[in-house]
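Structure, as structure tokens:
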Amino acid sequence: MSYDQIEVPEDGEKITVDEETGALSVPENPIIPIIHGDGIGTDVGPAAQKVLDAAAEATGRSVSWMRVYAGSSARDKYDENLPADTVNAIRDHRVAIKGPLTTPVGAGFRSLNVALRKKLDLYANVRPTYHLDGVPSPVKNPAAMDMVTFRENTEDVYAGIEWEAGTDEVQKVKEFVEEEMGHDDVIHDGPVGIGIKPITEFGTKRLVREAIEYAIENDRDSVTLVHKGNIMKFTEGAFRDWGYELAAEEFGDVTITEDELWEEYDGEKPEDKIVVKDRIADNMLQQLLTRTADYDVIATMNLNGDYMSDAAGAQIGGLGIAPGANFGEGLCLAEPVHGSAPKYAGEDKVNPTAMILSGRLMFEYMGWKDAGKLIRDAVEKTISEGDVTYDLERQIEGGNKLATSEYADKVVENIHELA
Ligand code: NAP
């Protein structure tokens, strides 16, 4: 495939997928598209690249980076926010990494992150939250958290079905809701914006399937379905019901419900079973703090997943270190949880760990588990020795405050030492 304005590196090879088995075939020198992103993306992108290069080289491989563009960099080059070149390059190369992209609030263009996830059908946004030694935390026992959130990425609020106050469209929807559907006493008079959200059996089941498969492959104890089904019975409640249905239909031999755990096993989980349970979202947010160790793999819809993973991220040290990745069929687009923090853009100040650890997730997806472990160990060593960026330094006594680029250099040094 050729691209209008992207330079394809000459020295790398493409990652491919076996269409029948879905297995990835990863060369030792893959071409990996990278979007640095807006705001602090220009700081954390190059810093992460340096660290990922070092980890690849230390394990006998190399990465041929292919710069692709979205957001402000794409506006400069293509005069549009999300060029087809970028979407095609990621689809074609199977595995990619991106920094944050700015979304204007209220007016302006819709989220490019959402558009990318939708165009590539990256239906599972996976956000691991685990504690790294030495990272300061607002809670007493941050190490109790070792959780992976599977957040649905194509439905719920991400479906983006909304109508603006004052438009003909919103008036039509209001009339339909009031006159045809009989809900004539719920919408106050005056200007109104209306949004609806779809939750489908298809979207729910493919997400929950990913979460249970991950739990099986990684020897996890439980999968918790998080929903607000007590209020939104036919959307969030249906997510819960379809989740349980999928677990029973496809994983009946390895999963048990919480009721079965108590009724048949007296609360003692058999080693070869995964407990599938559910929690209402508001309760779940307090359980994260009060009974942290009870939660393992989480499967939830888009909005709940966003709130929960930011809150969980805060418990293990904040957004500066919280990684993520989006997965579709034979596709991975890694990206940190945090946004573009425009006030720090270009200051060489923020923490690149979230982007670095997102790269670790990407390497693991590629089967480069040794490189992934090296990255985690080197980051942990760097932070434990007190070498940190501003966000952690303000919470550690006697920490050594480093710039983004200096911190990345330290992690690289530690990769060389540990390799
Ligand atoms: P944000 O960019 O994540 O920043 C919020 C705060 O989190 C920052 O002020 C900073 O806190 C801390 N933070 C974030 N990244 C950090 C890092 N790497 N190192 C250290 N601290 C970090 O959230 P926002 O201000 O709500 O959003 C800004 C823009 O990003 C918006 O346009 C939003 O739509 C977009 N966004 C994009 C993505 C994405 O691309 N996937 C995700 C979320 C938001 P302190 O100032 O307290 O130190």
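Filter Lys119/Lys228; Lys98/Lys401; Lys197/Lys228; Lys373/Lys410; Lys50/Lys369; Lys50/Lys98 down to the pairs with a C-alpha to C-alpha distance above 20 Å, please.
Listed pairs above 20 Å: Lys119/Lys228; Lys98/Lys401.
Each label point is 7 Å from the Cα along the Cα-to-Cβ direction; what then is the distance between the points at Arg394 and Glu245, in nm?
Label at Arg394, label at Glu245, 4.8 nm between them.
Can you compute 3J(HN,Hα) from phi for each residue in the range 192-200, using the Karplus curve 6.51 cos²θ - 1.76 cosθ + 1.60 with θ = phi - 60°, rounded to whole Hz and x for Gly and Pro?
Whole-Hz 3J(HN,Hα) from phi for the range 192-200: 9, x, 10, x, 10, 10, x, 10, 9.
Hey, which aspartates and glutamates would be in cross-link range of Lys205, C-alpha to C-alpha under 16 Å, not counting anything within fewer than 8 residues on its own chain?
Once the sequence-local aspartates and glutamates are set aside, what remains near Lys205 is Asp121, Glu152, Glu155, Asp156, Glu213, Glu236, Asp241, Glu245, Glu249, Glu250, Asp278, Glu329.
Give the residue from Leu303, Pro138, Val192 lying farthest towards the positive end of the charge dipole for the chain; charges sit on Cβ (+1 for Lys and Arg, -1 for Asp and Glu) and the dipole is referred to the Cα centre.
Pro138
Defining a contact as two alpha carbons under 8 Å apart and six or more residues distant in sequence, what relative contact order in percent does the chain show?
Computed over the chain, the figure is 23 percent.
Give me the one-decimal nm value for the distance between modelled label points at Thr21 and Val254, 7 Å along each residue's Cα-to-Cβ direction.
1.8 nm
Where in the range 239-313 are there trypsin sites (Lys or Arg not before Pro) that are in a DSSP coil and have at most 13 other Cβ atoms within 10 angstrom of their Cβ?
Those satisfying the criteria are Arg291.
Could you list the trypsin sites (Lys or Arg not before Pro) in the range 316-419 that lie in coil according to DSSP, counting only those with at most 11 other Cβ atoms within 10 Å of their Cβ?
Arg394
Where the centroid of each part is defined by its Cα atoms, how far is the range 170-192 from the range 98-148 in Å?
So the two Cα centres are separated by 35 Å.
For the range 4-44, list residues with backbone N below 11 Å from a point placed 7 Å from the Cα of Lys50 toward its Cβ?
44
Lys and Arg at +1, Asp and Glu at -1: add these up for the other residues within a Cβ distance under 13 Å of Val388 and post the number.
-3
Given the rule -39500 (n - 2.57) for each run of at least 4 DSSP H residues, summed and divided by the residues of the chain, what is its mean residue ellipticity at 222 nm, to the nearest 500 deg cm²/dmol?
After summing the helix terms and dividing by the residues of the chain, the value is -12000 deg cm²/dmol.
Along the Cα→Cβ direction, 7 angstrom out, place labels at Glu180 and Glu268. What is the inter-label distance in nm?
Taking the two extended label points, one gets 5.9 nm.
DSSP loop (so not H, G, I, E, B), at most 10 other Cβ within 10 Å: list which GluC sites (Glu not before Pro) in the range 368-419 pass both filters.
Glu397
None of the figures in this text is laboratory data; all of them are computed from the coordinates on show. Computed from a prediction, not measured in an experiment: that's the story for all the values here. Virtual Cβ from ideal backbone geometry, glycine too; neighbours counted across all protein chains shown.
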